[in-house]
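Read the figures in this text as sums done on the coordinates, not as results from a lab. Since we're looking at a predicted model, the values are computed, not measured. Cβ placement follows ideal geometry from the backbone for every residue including glycine, while neighbour counts extend to all protein chains displayed.
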Amino acid sequence: MAESAELILDGKSISLPVIEGTEHEKAFDIGKLRDQTGYVTYDPGYKNTGATKSAITFLDGEEGILRYRGYPIEQLAEKASFLEVAYLLINGSLPTQTEFDAFRYEITQHSLVHEDIRKILDGFPSSAHPMGILASIVCSLTAFYPKSISPELNKDELNLNIVRLIAKLPTIAAWSYKNSVGHPYVYPRNDLDYTANFLYMMFSFPTEKYEVNPVVVSALNKLLILHADHEQNCSTSTVRLVGSANASLYGSVSAGINALWGPLHGGANQEVIEMLEAIEQDGGDTSKFINKAKDKNDSFRLMGFGHRVYKNFDPRAKIIKVAADEVLQALGMQDSPLLKIAQELEQAALTDQYFVERKLYPNVDFYSGIIYKALGIPTEMFTVMFAVGRLPGWIAQWKELRENKEPIGRPRQIYVGELERDYTAIGERA
Ligand code: CMC
């Protein structure tokens, strides 16, 4: 007999079907609850709400497990390329060599952006944050490819939009940086792989030859893979919610970029490095900042600590911590004062009752900023790097939502405002 739960309300029993995922996660199906009882569920921040059934990413926060399409993140980070992982997330299986070559070729054919995008970029003041530029330019792709806004695209048209976005995001990201520092835009090179090409567009100048450092490429490849998807996080849920209104891929991803920018989400990587620098400038006393984070009258939080779903450790942080050591070693920066402060902070927090009780551990953003900094990526670009990594996940989730013909997302609320009252003319108001 199928499992169900009984809800007793006013002496009446309502049966809630139980649904179970392939990894045996269980949920009560409350889809008909309001029709049956007049009640809705109340769950601010969706802490206990399964908003969809998804076959893309499995995450077990208690055990620290993260798998893309069944493959452990540790294996992918060690052995795969970022484009392979992008293909896996979007298409459901790892590509054969022929499939991969075709995918890679298609991407190289779309890495240029329309020349008019330069004019849009020129319109931004140099003070513009690259995340704002990224979100705006991604949304502007709807103007360059007007057909992309149709909800009726066939498979080939949809695939073309996907390929365009993966191909162009590094160019847009690198150009948003070049724009912010007033340097000339560098055009993509199709002979370089995805990650190397991005670094080339970021750091080369037309005036001199730029050699892409393989240590840097390999570290960045790993970081992008670790960020590629994370099931129903804030930005991905945003992409799905916007997409559920039949909004275009570019519009939905642009919304996701804005969500990711928030300091409680992807923006935390920039905040972490700024926090470490502030601690260094303050004399390096980590205990002072630990105490500030614990003080309920102080809004300061230890950035890069804590996670909504990981309550033992963040498996991505484990890999990134090792990678940070390796990269700094390889680049001869092992004595970085910021790394030392980060290690001290982590040690202090992991043994402090406040953090232990609340299960607050370093998350993916804690060490990623140290690597980005060592790689020469400017601080304001850290969250852009996260966005480039997260793109395949957003696309896969948007595509899944469309393929499953999911209904428009529209949560309910519990209204706590004024009861009905009559309008009074402006001169008669107290
Ligand atoms: N420093 C100090 N206290 C914290 C922190 C922190 N970083 N994170 C949570 N707490 C405390 C919080 O004050 C609360 O304490 P109390 O129970 O006494 O009120 C308790 O821990 C639970 O926190 P919460 O805010 O209810 O937890 P949440 O699941 O809603 O928030 C979080 C998760 C990631 C937003 C939060 O831990 C945080 O703000 N961390 C810092 C920002 C950060 O690093 N974000 C990146 C997340 S990983 C990348 C990504 O996927 O976005």
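Residues whose amide H lies under 5 Å from that of residue 16, counting only those 5 or more places away or on a different chain, are 5, 6, 7; hydrogens are built 1.01 Å from N in the peptide plane.
Computed over the chain, the per-residue total of -39500 (n - 2.57) for DSSP H runs of n ≥ 4 gives a 222 nm mean residue ellipticity of -16000 deg cm²/dmol, rounded to 500. Other residues whose C-beta falls under 12 angstrom from the C-beta of residue 286 contribute a net charge of -3, scoring Lys and Arg +1 and Asp and Glu -1. Computed from backbone phi with θ = phi - 60° and the Karplus coefficients 6.51, -1.76 and 1.60, the 3J(HN,Hα) list for the stretch 418-430 is 4, 7, 4, 8, 8, 5, 10, 4, 4, x, 9, 7, 6 Hz; x is used for glycine and proline. With kT/(6 pi eta Rh) evaluated at 4 °C and eta = 1.567 mPa s, and Rh the Kirkwood radius from Cα pairs, the stretch 23-178 diffuses with a coefficient of 67 µm²/s according to Stokes-Einstein.
In the chain, Cα pairs under 8 Å separated by at least six residues give a relative contact order of 20 percent. Can you tally the net charge around residue 252? Count Lys and Arg as +1, Asp and Glu as -1, for every other residue whose Cβ sits under 12 Å from the Cβ of residue 252. That sum, taken over residues with Cβ under 12 Å, equals +3. With neighbour counts taken as other beta-carbon atoms within 10 Å, the residues 85, 216 rank, fewest first, as 216, 85. Contact order for the stretch 280-430, expressed relative to its length and based on alpha carbon pairs under 8 Å spaced 6+ residues apart, stands at 26 percent. Taking a sphere under 12 Å around the Cβ of residue 94 and counting the other residues whose Cβ falls inside, with K and R at +1 and D and E at -1, yields a net charge of 0. Computed from phi, the 3J(HN,Hα) profile of the stretch 165-172 under the Karplus parametrisation 6.51, -1.76, 1.60 (θ = phi - 60°) reads 5, 4, 5, 8, 4, x, 5, 5 Hz, with x in place of Gly and Pro.
The relative contact order of the stretch 4-50, computed from alpha carbon pairs under 8 Å that lie at least 6 residues apart in sequence, is 23 percent. Remark on residue 54: its backbone amide H falls under 5 Å from none of the residues 5 or more positions apart or on other chains, H modelled at 1.01 Å from N.
Near the amide H of residue 70, within less than 5 Å, lie the amide hydrogens of 58, all on another chain or at least 5 residues away, with H placed in the peptide plane.
Residues in the stretch 146-152 carry Karplus couplings, in order, of x, 5, 5, 7, 6, x, 9 Hz; the curve used is 6.51 cos²θ - 1.76 cosθ + 1.60 with θ = phi - 60°, and Gly or Pro positions show x.
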